[in-house]
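All remarks here apply to the structure that follows.
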Amino acid sequence: MIEIVEPEIMRDKSIMEKKSGKRVGVVPTMGYLHEGHGALLHEARKENDIVILTIFVNPAQFGPDEDFQRYPRDMERDRKIAAGERVDYIFYPSVDTMYPENFSTYVSVENMTDLLEGEYRPGHFRGVTTVVMKLFQITQPDNAYFGQKDAQQLMVITKMVRDLCIPVTIRRVETVREHDGLAMSSRNVYLSPKERKDAAVLFKSLQTGKDLVQDGETSTEIIIRRIIDIITAIDTIRIDYVEIVDLHTFKKVNRLESGREYCIALAARVGKTRLIDNVFVSS
Ligand code: PAF
């Protein structure tokens, strides 16, 4: 496993690998790896000759009052997990390398970034798409792996790739969950034992939403109301949003139409920790 911090060196290595006929897969992360990242790496390992893991806590996607400074970091542990997943390269740049003085070029996907996470975290997706575009330029992948847990991010990146004709295939990997259904997240480490227990209600409420759809409910208002009622029964949790959007456009819908795919997405604060989760449903 080779560790690289310089973008030019990383790009040269990837170009060299591709010239010798190798298929390159990248797994972009902010580190503090968990089993969710493990699943991304596992898929990348299956489908590519070379796997690049990028680790970069990207300041551009955090708002001023968010957790950039205290975001969990543990490079030693990440190295061990990466080695276990047979990663070939870790690209681990510094903030100054990625955003040198006078950096002034950003990538923005419009419309689908205005709601849900985009509404609650202004500027977040501009930071994500900018860094992901840069990471694609640096790592030159054939395939890139993103988790379903960040469904809006996944769809925004897919849109960027399509709109800007970027020669990368975006691969979706299903959310990995704890035994009680809580979606794996680096931020789960912030939860107190009680909050950790309470947080399981998020997935339970989404499952209830999914069951309602499967039983034929088409009113998003009714489904959302039911989910909100389940979550608000837990006093440590405050909801930011519960929404149902068309999976491909990420536009809100009032009524589910048969044969279409939707995402039931939510964000909530469990104590001081903000968590997101979602399920995909088809009517
Ligand atoms: O999902 C993440 O960890 C980040 O948003 C990503 C895609 C690595 C960009 O910083």
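The values are calculated or read from the model by the stated rules, or taken from the named source; none is laboratory data. These numbers come from a predicted model, not from an experiment. Ideal geometry is used to build each Cβ from the backbone, glycine not excepted, and the neighbour counts take in all protein chains shown.
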Name the residue that is surrounded by the fewest Cβ atoms within 10 Å (Cβ to Cβ), counting only residues in region 32-81 that are touching an Asp or Glu at 6+ places or on another chain (Cβ under 9 Å), farther than 15 Å from VAL173 by Cβ and touching a residue at least 60 places away in the same chain (Cβ under 8 Å). ARG79
Matching residues in region 169-181 - criterion: being without any contact (Cβ under 8 Å) to a residue 40 or more places away in the chain and more than 13 Å from the ligand (Cβ to nearest atom): THR169, ARG177, GLU178, HIS179, ASP180, GLY181
Exception for ARG73 within (1) part of a helix (DSSP H, G or I); (2) touching a Gly at 6+ places or on another chain (Cβ under 9 Å); (3) within 13 Å of the ligand (Cβ to nearest atom) falls at (1)
Test each condition in (1) aliphatic (A, V, I, L, M); (2) touching a Gly at 6+ places or on another chain (Cβ under 9 Å); (3) away from the ligand (no atom under 12 Å from the Cβ) for ALA82 and report the one that comes out false. (2)
Here is a check on your reading of the model: is VAL57 farther than 19 Å from VAL95 by Cβ and within 20 Å of the chain's Cα centre (by Cα)? no
Return the only residue of THR97, THR158, THR113, THR129 being under 30 Å from GLU243 (Cβ atoms), in a helix (DSSP H, G or I), touching a helix residue (DSSP H, G or I) at 6+ places or on another chain (Cβ under 9 Å) and within 16 Å of the ligand (Cβ to nearest atom). THR129
Got at least one residue in region 206-223 being more than 13 Å from the ligand (Cβ to nearest atom), modelled with pLDDT of 95 or more, under 16 Å from PRO28 (Cβ atoms) and in contact with a Gly (Cβ under 9 Å, 6 or more places away or on another chain)? no
